[in-house]
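We did not get these values from a lab; they are worked out from the coordinates using the rules stated. Values in this document were obtained by computation on a predicted structure and should not be read as measured data.
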């Protein structure tokens, strides 16, 4: 599904979920249609600015499945920053990030593997503090790997946990701000 409530295209939307969203609800930290995982929804228009446009960086953690085996050298290139193409056609060097090579994570096992895979692949865990358009996909591509699956598992201390695809979980406002490590204006 796409991270929006209305579209002129025939795609699955947030409004298709079995949940009565309050008027003015919108997605922050959107996911592209080929990605999955934690998506934040709020009616507070200030949250996007506080979380993604502030001087304070906020961590986002992704599980990334890529084709072929990732070497320690490749992982180190991702850690120190790689050049990616950004909107407008310019090159951008990504900020340093945390990268771990994983065994297949629990989320893969819980969802039954989601599709057939041929040939070797690697699961990575990337922790970023920035979010350019399709950044994770572009980063793994820059080191010679194709992203097969991308799952955002957390933003700061707000975790996806065992929430199933299409599931919605309401969080008390104080907990929401505390877990995201942002301060609501007094």
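Taking every C-alpha pair closer than 8 Å and separated by at least 6 residues, the mean separation divided by the residue count of the chain gives a relative contact order of 26 percent.
Once you reduce the range 144-186 and the range 38-75 to the center of their Cα atoms, the two points are 9 Å from each other.
In terms of its C-alpha gyration tensor, the range 14-180 comes out oblate, because a/c is 1.5 or above while a/b does not outweigh b/c. Taking each DSSP H run with n ≥ 4 as -39500 (n - 2.57) and averaging over every residue of the chain yields -5000 deg cm²/dmol at 222 nm. Pull up the DSSP beta bridges for the chain and report the antiparallel fraction as a percent, rounded to 5. Roughly 95 percent of the beta bridges in the chain run antiparallel, per DSSP.
Rounded to two decimals, the Cα-based Rg/Rh of the range 53-94, with Kirkwood Rh, is 1.03.
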